[in-house]
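We did not get these values from a lab; they are worked out from the coordinates using the rules stated. All values reported here derive from a predicted model rather than from experimental measurement. In this analysis, Cβ positions are derived from the backbone assuming ideal geometry, glycine residues included, and neighbour counts consider all displayed protein chains.
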Amino acid sequence: MTTMFNKIKSAMIAIAGVAVFCQAQTSCPHFLLESPMVVNIEGFFINEKMSRVSLDVEWRHHPEALDTFFVNQPDVPKFNFITAGEYRYMEFPDIKVKRQLGTHHLKEHIGETPLKLDDMELLANGQFLCRDSSIQKPNILSTAFSMAWWSLIADSLPHPTRVTMNGPRKERRVFTIRQWRNYSGEMLPTLVKVENERYNGELWIRSAYTVQALQADPLKNNVEGKPKPPLPDLFRKIPVKGERKIPLILKLNQELLRE
């Protein structure tokens with residue numbers, strides 16, 4: 001009888017521990033966006049060379065498919081960064097060149113801006129995870145699948161006003177979020193100051209709306225009436241078994257680029 005009681009007690013303790021762990025995990029944001037959206041972002045910076053640089057990015061986010069970032073900079077060839085989490089590449093539509101990217105390439109800067117390719121990768125696929133539940137600091141998160149940034153410290157959750165990101169060789173940068181805004185049901189930081197000891201600048205979300213609201217989106221104009229291919233089993237964007245097939249949105253983006 002005593003043995004049975006001890007087993008029941010141990011089981012209850014284990015279940016309670018799992019519940020506490022799950023509660024701690026759910027308090028951490030895993031993705032910035034959970035629904036298909038189009039986000040237009042502008043950035044203005046003073047870079048490490050003390051030069052003024054800027055960029056304009058249209059981010060098309062599809063939670064269960066490829067994400068595409070259309071990047072434009074003054075006097076620099078525009079490119080598209082396309083990622084599915086496990087693989088990624090860049091397209092240069094003006095010169096019709098495609099560049100395959102490994103994870104080590106994510107450390108590269110976007111032009112001469114202080115932003116890196118890994119920043120777009122984190123926006124699309126970034127999983128921000130709670131650290132060890134024994135550490136009573138739920139605002140300290142670790143980044144999964146990041147080559148440039150290892151941890152993120154927020155002053156509060158879920159809508160911080162100050163976020164510090166830490167990377168290798170003691171690299172550090174700080175985001176000061178001046179305002180959060182509801183865009184079609186998604187809360188996004190609309191105006192953000194970014195800085196460290198070598199550069200500074202601002203990021204501004206010019207607009208954000210659902211994919212369905214984009215009249216020129218090929219997902220809306222070209223998919224109607226066409227059957228979608230079956231998708232493999234996925235855990236978010238990371239294939240669980242077998243090789244991931246190229247989703248329909250990639251083909252449509254390629255059609256758009258050829259027009």
### Message
Along the Cα→Cβ direction, 7 angstrom out, place labels at residue 94 and residue 153. What is the inter-label distance in nm?
### Response
4.2
### Task
At q = 0.09, 0.11, 0.17, 0.19 Å⁻¹, what is the base-10 log of I(q)/I(0) for the stretch 53-201 according to the Debye formula with one equal point scatterer per Cα and no solvent? Please give it to two decimals.
-0.30, -0.46, -1.13, -1.40
### Message
Output wanted: per-residue J couplings in Hz (rounded whole) for the stretch 148-163, from phi through Karplus 6.51 cos²θ - 1.76 cosθ + 1.60, θ = phi - 60°, x for Gly and Pro.
### Response
10, 10, 9, 8, 9, 10, 9, 6, 6, 10, x, 10, x, 10, 9, 10
### Net length gained if the chain between residue 204 and residue 182 were fully extended (0.36 nm per residue, minus Cα distance)
6.5 nm
### Förster radius 41 Å - calculated FRET efficiency between residue 212 and residue 50, Cβ distance, rounded to 0.05
0.40
### Order by protection proxy (mean Cβ within 10 Å, highest first), peptides 156-168, 199-211
199-211, 156-168
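Stretched out fully, how many nm does the piece from residue 196 to residue 40 gain, at 0.36 nm a residue minus the Cα gap?
53.7 nm
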